[in-house]
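Heads up, the thing below is written out as structure tokens.
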Amino acid sequence: MKQAKRFLPLSLITVFALILRLWNLNKPSGYIFDEIYYAKNAASLISNGVELNNAGEAEFVVHPPLGKWLIGIGVKIFGNNEFGWRISAALIGTACVVLIFLITQRIFNSFYLSHIAALLLALDGLNLVMSRIALLDIFLLFFILLIFYFYLANNFWLVGLFLGAAVSVKWSGAYLIPIFLILSINLLQHRLFKESLMRMIQLTLLPLAIYLVSWSGWFSSNLGWGRNWAQSQGDSLIPDVVRSFWNYHAEILNFHSGLTESHSYAANPWSWLILGRPTSFFYESPKNCGASNCSQEILAIGTPLLWWAGAIAIALLIGFWINKRDAISNFIIVGLAATYLPWFLIQGRTIFFFYSVVIAPFLILALIYSFNKFLSAGYTRKWINLFVIIVFANFIYFLPVLMGIEITYVEWFRRMWLPSWI
């Protein structure tokens with residue numbers, strides 16, 4: 001009974017997060033932003049095993065299939081409609097709230113701080129928005145959290161499995177592989193050659209195997225894009241399917257490396273932590289809100305006071321880490337490095353703020369690190385509780401532009417705190 005009471009706050013936080021992610025999930029109607037690609041691809045994968053367009057022709061896609069398969073599960077169960085293609089993201093986004101609780105508990109061994117971390121993620125506007133739309137990034141976040149959880153549990157088979165799952169959602173998940181290989185160098189330093197070999201298998205060959213399995217629909221069908229490309233290229237000792245698969249990936253790489261065209265919502269990673277340019281997924285001017293001018297928007301933006309406080313906490317964390325490194329600060333720094341720093345290497349590419357949804361848990365962990373220092377210095381919890389209340393109020397204030405709730409244009413404009421948010 002006492003143990004159940006300990007987890008009661010987490011249960012309430014999870015239910016709260018789930019309700020927000022499910023409420024009016026089928027609104028707005030129609031495809032929002034890149035749902036026009038991913039939701040349609042998901043429905044095709046469920047029906048055909050590969051991505052085909054409305055004419056039944058092979059469609060060139062630039063992201064691996066796993067995230068779309070997960071979206072497709074909802075389509076299979078609930079139908080090819082707004083609720084069907086968004087429900088998987090809603091459930092996975094809610095699961096992320098539980099995962100950050102488990103990670104925080106392993107790091108800090110504090111139910112209080114773990115509940116604070118879970119609540120803050122539930123109150124993050126960006127996480128909420130990405131949990132209510134059929135895009136891939138919330139699934140990437142889910143697998144990244146599983147990777148770090150099982151890293152803490154020292155279970156590298158599952159680390160490798162979920163590394164493969166992350167890469168099978170978006171290639172950006174591959175940035176984590178060299179990070180974890182570097183973390184394993186200490187085995188070589190201690191001459192544990194057998195363990196080092198095993199770790200290499202777990203962190204390279206296993207993710208590769210998972211990645212290949214995620215393409216099983218393409219391998220088992222002749223309908224996928226470029227599936228028969230090699231047949232027109234002449235004979236080779238290399239099997240046609242392998243050459244076609246390699247060519248497909250070369251074309252995907254060409255697409256990503258050549259994606260440099262300007263976009264009105266492109267956002268340089270330097271501006272992400274301060275919410276310089278959030279992404280508008282949906283905007284309309286309805287006529288029935290009781291005012292002459294109305295607004296309805298879904299803006300992918302982090303809860304401002306949470307993110308700005310988190311940016312300060314990251315600066316403090318780096319200061320503590322430079323002065324005296326400890327296992328906890330190392331862990332959080334690794335998380336930030338793996339999910340944030342790689343984007344600075346490709347600043348010429350067109351990138352968007354909503355990619356930073358994978359950074360948010362480590363931003364929150366930086367805050368929790370500061371809170372832990374605060375409590376260790378003898379201060380009471382009331383200041384932390386006050387901060388959470390302020391974040392909650394800020395979250396509620398921005399809720400209309402996170403969930404596409406109709407408000408007057410004046411009320412909408414009041415929430416555009418920075419000119420770059422418009």
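The values are calculated or read from the model by the stated rules, or taken from the named source; none is laboratory data. Note that the structure is predicted; figures quoted are calculated from it, not measured. Cβ sites come from the backbone with ideal geometry, for glycine too, and all protein chains shown count toward neighbours.
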Q.
Residues that are modelled with pLDDT of 95 or more, farther than 18 Å from Ala337 by Cβ and of a type outside the set (D, E, K, R): does the range 166-181 have at least one?
A. yes
Q. Can you find even one residue in the range 94-114 that is farther than 30 Å from Ala43 by Cα and small (Gly, Ala, Ser)?
A. yes
Q. Going through the range 301-350 one residue at a time, which ones are β-branched (Val, Ile, Thr), farther than 17 Å from Ile138 by Cβ and either touching a helix residue (DSSP H, G or I) at 6+ places or on another chain (Cβ under 8 Å) or free of Cβ contacts under 8 Å to residues at least 24 places away in the same chain (or both)?
A. Ile312, Ile314, Ile318, Ile322, Ile328, Ile332, Ile333, Val334, Ile346
Q: Please determine, by comparing only the residues of the range 223-258 that are part of a loop (DSSP other than H, G, I, E, B) and touching a Phe, Trp or Tyr at 6+ places or on another chain (Cβ under 6 Å), which one is farthest from Glu57 (Cα to Cα).
A: Gly226
Q. Would a scan of the range 283-297 turn up a residue that is under 24 Å from the mean Cα position of the chain (by Cα), of a type outside the set (S, T, N, Q) and part of a helix (DSSP H, G or I)?
A. no
Q: Sort through Phe352, Phe371 and tell me the only one that's touching a strand residue (DSSP E or B) at 6+ places or on another chain (Cβ under 9 Å) and either surrounded by fewer than 20 Cβ atoms within 10 Å (Cβ to Cβ) or of a type in the set (A, V, I, L, M, F, W, C) (or both).
A: Phe352
Q) In the range 268-282, how many residues are under 18 Å from Phe398 (Cβ atoms), in contact (Cβ under 8 Å) with a residue 40 or more places away in the chain and in a loop (DSSP other than H, G, I, E, B)? A) 6
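Identify, from the list Leu158, Leu206, Leu176, Leu212, the residue that is surrounded by 16 or more Cβ atoms within 10 Å (Cβ to Cβ) and within 30 Å of Gly84 (Cβ to Cβ). Give the steps one after another, and end with the answer.
Values: Leu206 fails: within 30 Å of Gly84 (Cβ to Cβ); Leu176 fails: within 30 Å of Gly84 (Cβ to Cβ); Leu212 fails: surrounded by 16 or more Cβ atoms within 10 Å (Cβ to Cβ).
So the residue among Leu158, Leu206, Leu176, Leu212 that is surrounded by 16 or more Cβ atoms within 10 Å (Cβ to Cβ) and within 30 Å of Gly84 (Cβ to Cβ) is Leu158.
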Q: Please enumerate the residues belonging to the range 367-422 that are small (Gly, Ala, Ser), farther than 26 Å from Thr279 by Cα and assigned to a helix (DSSP H, G or I).
A: Ser370, Ser376
Q) Since Ser285 meets every condition but one in (1) surrounded by 14 or more Cβ atoms within 10 Å (Cβ to Cβ); (2) in contact with a Ser or Thr (Cβ under 9 Å, 6 or more places away or on another chain); (3) small (Gly, Ala, Ser), which condition does it not meet? A) (1)
Q: Can you work out which of the residues in the range 45-62 that are within 16 Å of Leu136 (Cα to Cα) and either of a type in the set (D, E, K, R) or surrounded by 22 or more Cβ atoms within 10 Å (Cβ to Cβ) (or both) is modelled with the lowest pLDDT?
A: Glu51
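Rundown of residues vs (1) at pLDDT 95 or above; (2) hydrophobic (A, V, I, L, M, F, W, C), yes/no style:
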| position | (1), (2) |
| --- | --- |
| Ala315 | yes, yes |
| Gln347 | no, no |
| Ile351 | no, yes |
| Ile359 | yes, yes |
(Q) Looking only at the range 12-24, count every residue that is of a type outside the set (Lys, Arg) and either more than 23 Å from Met403 (Cα to Cα) or buried (at least 20 other Cβ atoms within 10 Å of the Cβ) (or both) and tell me the total. (A) 3
Q: Please tell me if Ile359 is crowded, with 21+ Cβ neighbours inside 10 Å and aliphatic (A, V, I, L, M).
A: yes
Q: Mind checking which helices (runs of 4 or more DSSP H) fall wholly inside the range 82-148 and carry at least 3 residues that are surrounded by fewer than 24 Cβ atoms within 10 Å (Cβ to Cβ)?
A: 82-108, 111-122
Q | Index of the failed condition, Asp240 passing every other in (1) charged (D, E, K, R); (2) without any contact (Cβ under 8 Å) to a residue 12 or more places away in the chain; (3) touching a helix residue (DSSP H, G or I) at 6+ places or on another chain (Cβ under 6 Å) | A | (2)
